[in-house]
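Shown next, in structure tokens, is the structure this report addresses.
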Ligand code: ADP
């Protein structure tokens, strides 16, 4: 890598006055950056103890007085209130990471905090932020290549390998005690909603098609992935059938009530017969609607809108069970699981819109509430994950952990490569960048080396959280990597060195790549800031 222009400008000051001016400029811009560094580090410090298998939980009080018990970096930062803009931008990072890859949220904050901490000595050496940024970017490019080199491909159809991968993500979380169960749930749910979108592309939309329903009560072991969907609804009329095998299902997003005009209409009636006529027309219209539904001989009608008493009467007469006011998202999921199409005009209903893939419709009472189960679906492309557990707080944490596990499975489906965990990848990057730094000329070498040092924060934190001595273990790990053994990392329980090939903690490469990208890019962004101004409040 050659030397950049800004750096040269900085290294060859012409006159003493110019030198003084440059120093003044640099130190004023550093003031703001130093301030940010302190703040960012305190954001990183909050969640430092939440990394790895010996992570501590945080108990947060939300504004409504509820409590959140978690060790998920994103969930913690989402709840805390900060006013400094730089701290806000740090918190934003964990949100990006969560949205992009769904895991590694704690890692990214710790890494970004350390990058900024390592940038400060460079600023104190009077290296211009622009030079630091360009060195950081060069280091990022090399780091991504190194990660790709040490990662291995994985067979996504190999259950054993997938279980191991998901369990290393779950191992650091509250649900680690139910690791096998959680792996099963995550893998089954993700496989259910994965399908070929044509052209060799895969589509996995967990948020939309794999819904988690949390029902307090029972044991965590009772949690399961349904081969279909469940919605929190009961039938509209007590006499309707509560259990139907192989039901024919019609899905609607229109009301089954008398349709009123779009605009307000006033009708003046002078004779009693006219009033009766109006009522009769209303009745006829509802009957017509129900007749067009009944013509398809369905067993079950589910609508997103209302069903009037009269419509219920006609449907009941036709031996049809009805559910009303089902959420749009639930209706879409039912459509995917049962093969039905959601129709928004009863007149448009056709035989091909009827869903016939569901094996069993059943209403079940869990706790105090009634739930509709549409299960035994032949090829469900949507599912519900039913979580049971002792309390709402625990279920919420199980839900967050399961979301991470599903994200891990999804990432690997898209990008089937794994990187060694337990700080091995980060240490490999640190050692290799340290070696590469020697070939870089000029001041850029220092910030480049700083990235290498910052990467060590992950293995160091894992050692610290396990209670071992960071200096001794980290030196030994560095030595292993210097010999080229890039799969060695930290046993997060004992704080000793282990080969990840034997220990079995691997993570999706996509998560590793994304965390380092986000951390360095955000550090670069904050380094570009040289002042913080607040907008004037609007005049009254
Ligand atoms: P994140 O929110 O960033 O995923 P975690 O608390 O899940 O944070 O910690 C993930 C880190 O812990 C990764 O670097 C992973 O490699 C490491 N890790 C997970 N399990 C172990 C283990 N048993 N031993 C050592 N490190 C582990």
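Taking the listed residues 476, 468, 482, the one that is within 12 Å of the ligand (Cβ to nearest atom), over 30 Å from the mean Cα position of the chain (by Cα) and either farther than 30 Å from residue 163 by Cα or surrounded by fewer than 22 Cβ atoms within 10 Å (Cβ to Cβ) (or both) is 468, with no other qualifying. Exactly one residue out of 132, 91, 46 is more than 16 Å from the ligand (Cβ to nearest atom) and assigned to a helix (DSSP H, G or I), and it is 132. Only one entry of 320, 342, 307, 326 meets the criterion of being surrounded by fewer than 20 Cβ atoms within 10 Å (Cβ to Cβ) and in contact with a strand residue (DSSP E or B) (Cβ under 6 Å, 6 or more places away or on another chain), and that entry is 342.
Condition test on residue 523, is it more than 29 Å from the chain's Cα centre (by Cα) and more than 19 Å from residue 149 (Cα to Cα)? Spelling it out, it is not the case that residue 523 is more than 29 Å from the chain's Cα centre (by Cα) and more than 19 Å from residue 149 (Cα to Cα).
Return the residues of the stretch 240-253 that are surrounded by 15 or more Cβ atoms within 10 Å (Cβ to Cβ) and part of a loop (DSSP other than H, G, I, E, B); say none if nothing qualifies.
Passing the criteria: 240, 241, 242, 247, 248, 253.
Restricting attention to the stretch 167-182, which residues are crowded, with 17+ Cβ neighbours inside 10 Å and within 14 Å of the ligand (Cβ to nearest atom)? Result: 167, 168, 169, 170, 171, 172, 173, 174, 175, 179, 182.
Of everything in the stretch 49-75 that is assigned to a strand (DSSP E or B) and under 22 Å from residue 93 (Cβ atoms), the residue that is nearest to the ligand (Cβ to nearest atom) is 70.
Does residue 191 qualify as being more than 16 Å from the ligand (Cβ to nearest atom), part of a strand (DSSP E or B) and under 24 Å from residue 411 (Cα atoms)? In short, no. Candidates 111, 116: the one that is away from the ligand (no atom under 16 Å from the Cβ) and crowded, with 23+ Cβ neighbours inside 10 Å is 116. A count restricted to the stretch 396-432 and to residues that are under 17 Å from the mean Cα position of the chain (by Cα) and assigned to a helix (DSSP H, G or I) stands at 19.
Criterion applied to 176, 134, 167 was being within 22 Å of the chain's Cα centre (by Cα) and in contact (Cβ under 8 Å) with a residue 60 or more places away in the chain, and the one residue passing it is 176. Filter the stretch 496-526 down to the residues that are near the ligand (Cβ under 9 Å from one of its atoms) and out of contact with any helix residue (DSSP H, G or I) (no Cβ under 8 Å at 6 or more places or on another chain) and list them by number. If the condition is that a residue be near the ligand (Cβ under 9 Å from one of its atoms) and out of contact with any helix residue (DSSP H, G or I) (no Cβ under 8 Å at 6 or more places or on another chain), then 498, 503 are the ones that fit.
Rundown of residues vs (1) over 26 Å from residue 101 (Cα atoms); (2) crowded, with 16+ Cβ neighbours inside 10 Å, yes/no style:
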residue: 332; (1), (2): no, yes
residue: 360; (1), (2): yes, yes
residue: 367; (1), (2): yes, no
residue: 370; (1), (2): yes, no
residue: 387; (1), (2): no, yes
residue: 404; (1), (2): no, yes
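Residues that are buried (at least 19 other Cβ atoms within 10 Å of the Cβ) and in contact with a helix residue (DSSP H, G or I) (Cβ under 6 Å, 6 or more places away or on another chain) within the stretch 213-239 comprise 225, 228, 229, 231, 236, listed in sequence order. Among residues of the stretch 357-375 that are at positive phi, those with a Cβ under 9 angstrom from a residue that is surrounded by fewer than 16 Cβ atoms within 10 Å (Cβ to Cβ) and not in a strand (DSSP E or B), sequence gap 6+ or separate chain, pair up as 367/218.
Would you mind stating whether residue 160 is away from the ligand (no atom under 16 Å from the Cβ), at pLDDT below 90, surrounded by fewer than 24 Cβ atoms within 10 Å (Cβ to Cβ) and not in a loop (DSSP other than H, G, I, E, B)? Taking the combined requirement at face value, the residue satisfies it. Pairing each residue of the stretch 259-274 that is under 21 Å from residue 286 (Cβ atoms) with any residue that is in a loop (DSSP other than H, G, I, E, B) and at pLDDT below 80, provided the two are 6+ apart or on different chains, yields no C-beta distance under 7 Å.
The values are calculated or read from the model by the stated rules, or taken from the named source; none is laboratory data. Fair warning: this is a prediction, and the values are worked out from it, not measured in the lab. Don't worry about glycine lacking a Cβ; one is built from the backbone with ideal geometry, like all the others, and counts go over all protein chains shown.
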